[in-house]
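Accompanying notes for the structure given below.
The values are calculated or read from the model by the stated rules, or taken from the named source; none is laboratory data. Everything quoted here is computed from the prediction, not taken from an experiment. When we count neighbours, we look across all protein chains shown, and the Cβ atoms used for this are built from the backbone with ideal geometry, even at glycine. The area values use the complete protein model at the heavy-atom level, side chains included, leaving out ligands, DNA and RNA. Shrake-Rupley method; radii C 1.70, N 1.55, O 1.52, S 1.80 Å.
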Amino acid sequence: MFLTGRLLCVLCLVASAMVASAAVPHPPKPQPPNVILITLDTVRADRMGFLGSQRGLTPHLDAMARQSVVFTRAYAQVPLTTASHATILTGTYPQYHQVNGFGVPLPQDVTFATSIFRSHGYHTAAFVGSLVLDPATRSAPGFDRGFDTFDAGFHRRRPRESRYQAIERRGGEVVAHALAWLSQHPRGPFFIWVHLYDAHDPYDPPEPYKSRYASAPYDGEIAYVDSAVGKFLTQLRTRGLYEGAVIAVMADHGEALGEHGEATHGIFLYDETIHVPLLFKLPGERSAGKRIDSRVQLVDALPTILRAAGIAPPPEMQGRCLLTILQSLGPKGAIGQTELTAPDRPAYAESDYPHRTFGWSSLRALRAGKYLYIDAPRAELYDQVSDGKEEHNLSATSVALVSTLASQLNVFRQNTSSSREAPKVTVDPELQEKLSALGYVSDSSSSPMPGIKETGADPKDKVEVVNLLHQAEILKEEMLFREAVPPLERVIALEPNLPIAYLQLGTALSSLRNYDKALPVLRKAVEMRPDLIIPRYQLGSALFETGEFGAAAIEFETAVSRSPEWPEAHFSLATAYARMDRMPEAIKEYEKVIELRPNHYGAHLLLGRALALSGDPASALPKLTKAASLQPDSPEPHSFLADVYEQLGKTADADRERAEAERLKTNRKP
């Protein structure tokens, strides 16, 4: 009885303890912070007020910088958009992720930011400002991996469309899309990426910045980008999403603006295109106002963002977490100052663009100690302390130092390169045309393009060629074909073995309907690049316009055989067949266009016409009706529908369509 009583007492005590424990609520697990990545395309560090600019262009970014950790000496790894963003979003060097140009797919085995965030319960969304980062256009394949939402939707510019309706989007619109998503996003933490493309050339800021900065339109673009960022940050504060978030802001690369002879970016590795703004706003504004003067890189951005969000970066990431610099470091100079220093790490940069596109030498750079070393056919060495503008090449008088840095650069590349086989990239004619609209001479692989003579020339000796080609591309995109001819003729005079110059000149002359001059130039382009599709297609188009339909069909057939998924090649071939009265073959090709692109207006229109002329009005009717729905303001579908209804004996329907065609023709007249 005594034992039983003691046992009951013990049981009661245990039960009481369990009840008491259950009655004490456990504190809820804190939600991970929201993470916002803002990338500013083509933004120079020296335009930022928080980095010392006196131009007054960035009041909103300056205000954010006062609440953030600012890295005053941050460097990009590549002066090109897709390659640099691949480094930002993977935390690896370009020689590891191998996305060294447009259209190069992101390898599946390279860890991407979204896969990490999704594994920690984050919702993910991206809002990009240009076709150049749109995976659907095949310019950045794989960049949508792991995003719940990837807001892009760009396309090749159509007649009467502005560039902002097709190939890029104003920063204000990108921000509006991001804010709309934030209004609807599910519960739980989110990672969003907002990409603002406005500072990329051609420099065309909206009002009032266009008028205010008429003499310095690039500065106008910077001021506009700052205003777009300001609106976004204001809305984050209003919605209670600012204080607790990790917000990282950085440029992917800068802009040369003529320094060292380069008009824009992509070739050289000097500070004007590689030194970039970089700042991190931490939850609760931890470390607000700190300025780090140590040299850092964009490859460090993702590891830093992950650590700030409480996530351990995976071991394969090659960047380092920059928050460690804040730990165990005293202020530089007097007590209370906010500038911190840590031992510098070398910063690496590269550009394969001159090699892939022109057959010239690639460039590699290493910033180490106080020096900038550039590996080129004529090596370059600059003392960045005494020669901040990198104008005095010391390589001839510092042979031993150049040799040491060259060795360090080679060892670094060996230690950070991937052993996987480089991704194979097929030539995509549609992508080439889209990139041309952005001013890029498009490329297709890490090797020189087929037909390009690998000269290994020093890009320093060839930069005028790049500038002239870029100028001509922009002029052509703005339909200023006559103005594009002189720079292209100048390129051919400077570089007579460059096929792209003949292609672009021939295309410009064709657009001016100057076929007598265009045809021999295009034939030269085909002769120099017999395996490339675009020269053959453009030659076929010029032959078609001169009435040489048979010769045009031969070129289009070659284009179709080499790029069977290219709708425009099938469409042009179909039209050539139709003009040659080869209707069954024309119908087959038009049907192929619709299979590849179901809403192709021209294919529906001309397939319907071909079917009607072949004696099959019943099959023509739905094709022409679809064409009318795709372009409601066009009279042609209604004119053809009137003919079809006449064939079908439906006079009232024919009269209705004929009247509609006349109405639309009248409305079209100026």
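Side notes on the structure shown:
- Residue ranges 186-193, 270-277, 395-402 sort as 270-277, 186-193, 395-402 when ordered by packing (mean number of other C-beta atoms within 10 Å per residue, highest first).
- Ordering Thr72, Leu196, Ser398 by Cα displacement along the dipole of the chain toward the positive end leaves Thr72 in first place; charges were set at the Cβ atoms of Lys, Arg (+1) and Asp, Glu (-1).
- Extension gain for the segment Asp109 to Gln327, taken as residue separation times 0.36 nm less the Cα-Cα distance, is 75.2 nm to one decimal.
- Correct option for Cα extents along the principal axes in Å [calculated from the coordinates] among [x] 79, 70, 53; [y] 106, 76, 75; [z] 107, 89, 51: [z]
- The apolar share of the surface of the chain, taken as the fraction of accessible area on carbon and sulfur atoms (1.4 Å probe, ligands and nucleic acids excluded), comes to 54 percent.
- Between region 359-415 and region 84-142, the Cα center-to-center distance that results, in Å: 29 Å
- Checking the cross-link pairs Lys460/Lys517; Lys626/Lys665; Lys476/Lys592; Lys290/Lys460 against a 28 Å limit on the alpha carbon distance flags Lys460/Lys517; Lys476/Lys592; Lys290/Lys460 as lying beyond it.
- Size of charge dipole - region 176-282 - debye, nearest 20, with Cβ of Lys, Arg +1 and Asp, Glu -1, no other charges: 880 debye
- For the chain, the longest principal axis of the Cα atoms and the long axis of helix 499-511 meet at an angle of about 50 degrees.
- Chain lengthening between Ser403 and Asp516 when straightened (0.36 nm per residue, less Cα-Cα): 35.2 nm
- Close amide H partners of Arg295, meaning residues 5 or more places away or on another chain with modelled amide H under 5 Å apart, are Arg345.
- Cα→Cβ-extended label distance, 7 Å offset, between Asp293 and Asp62, nm: 2.1 nm
- Using a Förster distance of 45 Å, the FRET efficiency for Glu595-Thr666 (Cβ separation, nearest 0.05): 0.80
- Nearest-10 value in Å² for the accessible area of Tyr96, using the 1.4 Å probe: 50 Å²
- With Cα atoms, 0 to 90° folded angle of helix 549-562 axis to the chain main axis: 30 degrees
- Using alpha-carbon coordinates, inclination of helix 567-579 to the longest axis of the chain, degrees: 0 degrees
- For the chain, calculated [θ]222 nm from helices alone, where every DSSP H run of n ≥ 4 adds -39500 (n - 2.57): -14000 deg cm²/dmol
- Solvent-accessible heavy-atom area per residue, rounded to whole Å², over region 574-652 at 1.4 Å: 47 Å²
- Extreme residue, positive dipole direction of the chain, given options Leu613, Pro567, Ala245 (C-beta unit charges): Ala245
- Contact order for the chain, expressed relative to its length and based on alpha carbon pairs under 8 Å spaced 6+ residues apart, stands at 12 percent.
- Along the axis of the charge dipole computed for region 196-330 (Cβ charges of +1 for Lys and Arg, -1 for Asp and Glu, origin at the Cα centre), the listed residues Ser287, Leu233, Ile274 are led at the positive end by Ser287.
- Between Lys210 and Ala396, the contour length at 0.36 nm per residue exceeds the Cα-Cα span by 62.4 nm.
- The residues of region 89-165 expose, per residue, 35 Å² of accessible area to a 1.4 Å probe.
- DSSP bridge pairs, the chain: antiparallel proportion in percent, nearest 5: 45 percent
- Point-to-point label distance, Arg158-Asp531, nm (Cα→Cβ direction, 7 Å offset): 3.6 nm
- Label-point separation in nm, Asp633 to Arg239, each point 7 Å along Cα→Cβ: 3.4 nm
- Using only side-chain charges placed at the Cβ, +1 for Lys and Arg and -1 for Asp and Glu, the dipole size of the chain relative to its Cα centre rounds to 1860 debye.
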